[in-house]
Amino acid sequence: MNITASARAFEGKTAFTEACGLGTGPVPLEPYRSPEFFERERVQVFERAWLLVGREEEIPAYGDYFSTELLPGGVSAILNRGKDGRIRAFYNTCSHRGSQVLDGPTGNARRIVCPYHNWTYAADGDLISIPDEASFFAVDKKRCGLTQMATETWEGWIFVNLQRQPEVDLRTFLGDFADRLAGVPYVAADKPIVLKADLDANWKVVQDAFIESYHIPAIHKKTIAQTFSSSENRFARLLDARTFGPHRTVSMYGNPTMPLDERNKVEMLAYASGDTGSLIAAGTSSQMAEFLDHPAVNPTRAGCWSMDVNNLFPNTQIDFGPGGFWVHQFWPLTPTTSRYEVRFYVPDALNARQRLQQELYVARVIEVVLEDLANVARTQRGINSSGKDEMQLQDSEVGIRHSVEQLLKWVEAETVTEALA
Amino acid sequence: MSGAARLPQAFAELEPFVDSWGSHTTAGRLAARCERSMDEIRVFYEAMCARAEEAIGYVDRFGLDDLPDDARNLMALVLGLAQAHVAIEIHGQPRAPGTPWPNSIRIARGLPFLG
């Protein structure tokens, strides 16, 4: 690694915005506060795009399921694995009187029994039995299975689509981005640690905070600023930014070494084994080497690299860092509120010190989210005041510019094919 | 507090912290830090740091999956240090400046062991 070379790289100006074919003018704020835009976004974006809901490893066996709430419409979906090994998605709605058939976020149900009147379905959605069927009026059971939702998987990620017949398949929707990310090994993916928070900000205000590192030296002064900026790169300028249809990736600068402060007894205790820094590796060193070797991970091969944000349109970010991957999602609730969800993946701890390292990691993630939570609410209040109608974006905020451009395109487009053109 | 020992004999002086810092969930330990004064946090931090290396050694004599109750309680106290770390070694105050408590962050799925 050559620190001098990377220092020089930050002396001039980057030109990601122009390289991505984007304009450089101000960007409208109306999509961040308007109820009308929120409604069009719900219909044109969230009811037409493929939405990531989880990983295959979360439902490895026949009958395993998880449920999820697809916002902003609040559609409850069940994802499960059938006897045939196939993953299916269903609307969580009984054919009898519409009750939700499964409660709870995860479980195993080879038979899905509606709690209201015990209508019973097989894992593939077929209706098996109706209690006191004789009192009904010739119900056609073949037509009364659970309603399937379109679902497809890619590289172990499970997606759903709220169009009954999706206009484009998942592969077409992902386009070149699928090629770039093909073959990334996702280790320890079976047991996500999941944090959720309801925030007083439009979902895009929250998503925007996670695709630029310009804010980190200011907002996260004590928690992570030292990881993302240094005297060589005081404003945490990006290493790389690229767009792939509606999707995008940015690669962020980072300090290669994080010296431990000997006065910090807990930090020393956790990392006394000689490791420096605050990393938790998701896998063994050979698994991590395979992950870090992938061309989409630290794509510029920078010595000073902290993380990559892979932003799948519209609302998912799969992030890569030196210790593995994690996922952020941003779901609209109302024009000015949203649900934030982060999932990170760690292996079972082998000993007490490793478990303490994981606890430190979780504790710090929560603090960083808390700092962002206070910040996004402040931003939304400013936007709501209508004092400004547009925002000024710099080159490191190219991901935000691309996000707004794509959302405006999808909202206007008659068809998904047109939106993707 | 009941009279029965909840920690291994060798760590008896840490008993007073079991109720306050020894929650078996990350959310419980997080609340313990957020609801305490800096002085209270520091008392636990100093007392626990002094014995933490030995506590880790004690716990590792068993497998994490197979801990007797008293060792499990001791491990929960070790994990309490992650929260004390946030106050003492990061913020210099119990909670991050300008952030609300209680707040809307929830741990929907925690770490599998004591999480």
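The values are calculated or read from the model by the stated rules, or taken from the named source; none is laboratory data. On a predicted model such as this, the values are computed, not experimentally measured, just so you know. FYI the Cβ positions are ideal-geometry reconstructions off the backbone, even for glycines, and counts take in every protein chain you see. Only protein heavy atoms, including side chains, enter the accessible area calculation; ligands, DNA and RNA are left aside. Shrake-Rupley method; radii C 1.70, N 1.55, O 1.52, S 1.80 Å.
Rounded to the nearest 500, the 222 nm mean residue ellipticity of chain A from helices alone is -7500 deg cm²/dmol, with -39,500 (n - 2.57) taken per DSSP H run of at least 4 residues.
The mean sequence separation of alpha-carbon pairs under 8 Å and at least six residues apart, normalised by the residue count of chain B, gives a relative contact order of 38 percent. Return the whole-Å distance between the Cα centroid of region B:19-40 and the Cα centroid of region A:199-271. Centre-to-centre distance over Cα atoms comes out at 28 Å. Within the listed set A:Arg381, A:Arg242, A:Arg263, the residue fluctuating most in the Gaussian network model of chain A (springs between alpha-carbon atoms under 10 angstrom) is A:Arg263.
Checking Cβ-Cβ separations below 4.7 Å across the protein assembly as shown identifies A:Cys20, A:Cys144, A:Cys304, B:Cys34, B:Cys49 as cysteines lacking any candidate disulfide partner. Label zone (A:Asn264, point 7 Å along Cα-to-C-beta; backbone nitrogen cut-off 20 Å) within region A:338-376: A:353-372.
Segment A:Ala61..A:Gln165, full-extension length gain: 34.7 nm, with 0.36 nm per residue of separation and the alpha-carbon distance subtracted. Rolling a 1.4 angstrom probe over the protein assembly as shown with all protein chains present gives an accessible area of which 49% lies on carbon and sulfur atoms.
Taking a straight line from the alpha carbon of A:Lys388, these lysines sit under 21 Å away, with near neighbours fewer than eight places off in the same chain left out: A:Lys204.
For a bin width of 20 Å, list the pair-distance distribution of the protein assembly as shown built from all Cα-Cα distances, rounded to whole %. Result, from short to long distances: 20, 51, 26, 2, 0 percent. In this rough spin-label picture, where each label sits 7 Å from Cα along the Cβ direction, the A:Thr417-A:Glu390 distance is 3.4 nm.
Where does the Debye-calculated log10 I(q)/I(0) of region A:178-249 sit at q = 0.23, 0.28 Å⁻¹, using only Cα point scatterers of equal weight, no solvent? Ignoring solvent entirely, the Cα scatterers give -1.15, -1.13. Residues of region B:101-115 with backbone nitrogen within less than 20 Å of a virtual label 7 Å along the Cα-to-Cβ line of B:His24, please, listed as ranges. Counting backbone N atoms under 20 Å from the label point, the list is B:107-115.
Over all other residues within a Cβ to Cβ distance under 11 Å of A:Asn108, the charged ones net out to +2, with Lys and Arg as +1 and Asp and Glu as -1.
Accessible surface comparison of A:Ser135, A:Ser403, probe 1.4 Å, protein chains only, largest first: the order is A:Ser135, A:Ser403. From the alpha carbon centroid of region A:399-420 to that of region A:342-359 is 39 Å.
Placing a label point 7 Å from the Cα of A:Asp179 along the Cα-to-Cβ direction, the residues of region A:391-421 whose backbone N falls under 19 Å of that point are A:420-421. Here region B:17-90 is described by how far its Cα atoms reach on the three principal axes: 34, 23, 19 Å, from widest to narrowest. Rounding to the nearest 10 and keeping the result within 0 to 90°, find how far the Cα-based axis of helix B:69-85 lies from the longest principal axis of chain B. Orientation of helix B:69-85: about 30 degrees from the principal axis. Out of A:Gly73, A:Gly245, A:Gly25, any idea which swings most in a Gaussian network model of chain A, alpha carbons joined below 10 Å? The residue with the greatest mean-square fluctuation here is A:Gly25.
Label positions at A:Thr334 and B:Ile90, each projected 7 Å from the Cα along the C-beta direction, are separated by 3.0 nm.
Calculated accessible area for the protein assembly as shown comes out at 42 Å² per residue, all protein chains present (probe 1.4 Å; ligands, DNA, RNA ignored). In chain B, the DSSP-assigned H stretches of four residues or longer account for a calculated mean residue ellipticity at 222 nm of -14500 deg cm²/dmol, using -39500 (n - 2.57) per stretch and the full residue count as denominator.
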